[in-house]
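Here is the structure we will look at, set down as C-alpha cells.
The values are calculated or read from the model by the stated rules, or taken from the named source; none is laboratory data. Since the model is a prediction, treat every value here as computed from it, not as a measurement. So basically every Cβ, Gly included, is an ideal-geometry build from the backbone, and we count neighbours across all protein chains shown.
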Amino acid sequence: MKIIVAIKQVPERDARIRIDSAGKWIDLNDVEFTMNESDAYALEEALQLKEAHGGEVVVLSAGPERVGKTIREALAKGADRAIHIASEAEDELAGYDALGVAQLLAASIKGEQADLGQVDLILTGLQSDDLGLGQTGVILAELLGLPHATLILKIEKTEAGIKVLRELEDGWFQHLELPTPAVLTIQSGNSKLRYATLMGIKKAKLKEVRSVTVSNLKAESQETKFTAPVVILEHVKLPTKQRTTQILGGTPAEAAAKLVEKLQFEVRAL
C-alpha cells in the first residue's frame, strides 16, 4: 500500500501563549513546536498498515523551515520519505484557510500520483490542536474526488478496499467499507504511539525529503485551482477569566435542589 499522511506542526500544548502585536495570531517567538496529536495517530495507523501489508508511507507537511524538525520525527518513527511544502516566510500560510491549505495538499498529492503512481490511502488527523477546524481532510477528499470517512479509530485492508471503524456520539460506533483510494481523518487515542528509536533517528537523516515552495507549487500545478480565502481570521484574544458568586436561597433542601440543577444544566458537571 502507498499511504500519504498529512501532518501539521503546532505549538506545544503547555506553551505559554501570547497574542502578537497585530492581534491576529499568537506570538510565535520562543514557542516550542510539536507534531499535531491526531496527525501522530494518523501516522501510527499508516505505519501499522505498512508493517502488516508492506508498501510505502510518505509524510506531507506545509510550513516554514522549522517544520523540517517534525518531518524528521515522522521519518525517524518509520515513514519512508517526505514532501515539504515550504513557505518562504514564517507567516506566509497565516492567511490560508482550511480550503487554501487543502488546495496546496491536493496539488502536491496530484503531482505525486503523476510522477510515481497511484496512492491507496491519504490520512490526516481529525483536527489541529491550534485551530481545531476539522475541515482540511474533508475538503481534501472533495478536491481529489475521493471517498472519505471521518472519526476513524481503526483501518483494516480487505480484498475490495478497506474496512474502517468510526467513533460516533454517546458510545456508538460504525463500521464502513470503502474502496481505495480514499481519504480518512483519524481520531486520537485508539493506538499507542511509538517513539523514534536511536536507529530510526540515524536512518531519518538519510531519507528523502523533497521540498517545493508554495509559490512554485501553485505555478506548476495545472489541475488544482487556487482560490482566495473563504474564511478570514480578523482577531484573536485570550479568554477572559471571571469569578462570580451566587447565593442559593430557600430551605437547605431547596438550595440543594437548585445547586444540583445548576451543576447539571449550567456547569454540566453531572
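Counted as qualifying within the range 181-267 are the helices (runs of 4 or more DSSP H) with 2 or more residues that are of a type in the set (Asp, Glu) and either touching a helix residue (DSSP H, G or I) at 6+ places or on another chain (Cβ under 8 Å) or not assigned by TED's automatic domain parsing to the domain that holds ILE26 (or both), namely 252-265. Of the residues SER128, SER61, the single one that is within 17 Å of the chain's Cα centre (by Cα), at pLDDT 95 or above and under 30 Å from LEU238 (Cα atoms) is SER61.
Contact map, the range 234-251: residues that are touching a residue at least 24 places away in the same chain (Cβ under 8 Å) paired with residues that are basic (Lys, Arg), Cβ distance under 8 Å, separation 6+ or inter-chain. Pairs shown: GLU234/LYS24; HIS235/LYS24; VAL236/LYS24. Taking LYS77 and the conditions (1) within 15 Å of the chain's Cα centre (by Cα); (2) modelled with pLDDT of 95 or more, which numbered condition does it fall short on, given that it satisfies the others? That leaves (1) as the condition not met.
The residues in the range 80-114 that are assigned to a loop (DSSP other than H, G, I, E, B) and modelled with pLDDT under 95 can be counted, and the count is 7.
Answer yes or no: is there a residue in the range 10-27 that is aromatic (Phe, Trp, Tyr) and either within 13 Å of ILE71 (Cα to Cα) or without any contact (Cβ under 8 Å) to a residue 40 or more places away in the chain (or both). Checked against the condition, which is being aromatic (Phe, Trp, Tyr) and either within 13 Å of ILE71 (Cα to Cα) or without any contact (Cβ under 8 Å) to a residue 40 or more places away in the chain (or both), the range 10-27 yields no hits at all. Got at least one residue in the range 221-240 being more than 24 Å from the chain's Cα centre (by Cα) and at pLDDT 85 or above? No, the conditions are met nowhere in the range 221-240. Scanning the range 158-178 for any residue that is under 19 Å from LEU60 (Cβ atoms) and either assigned by TED's automatic domain parsing to the domain that holds GLU12 or under 16 Å from the mean Cα position of the chain (by Cα) (or both) turns up nothing.
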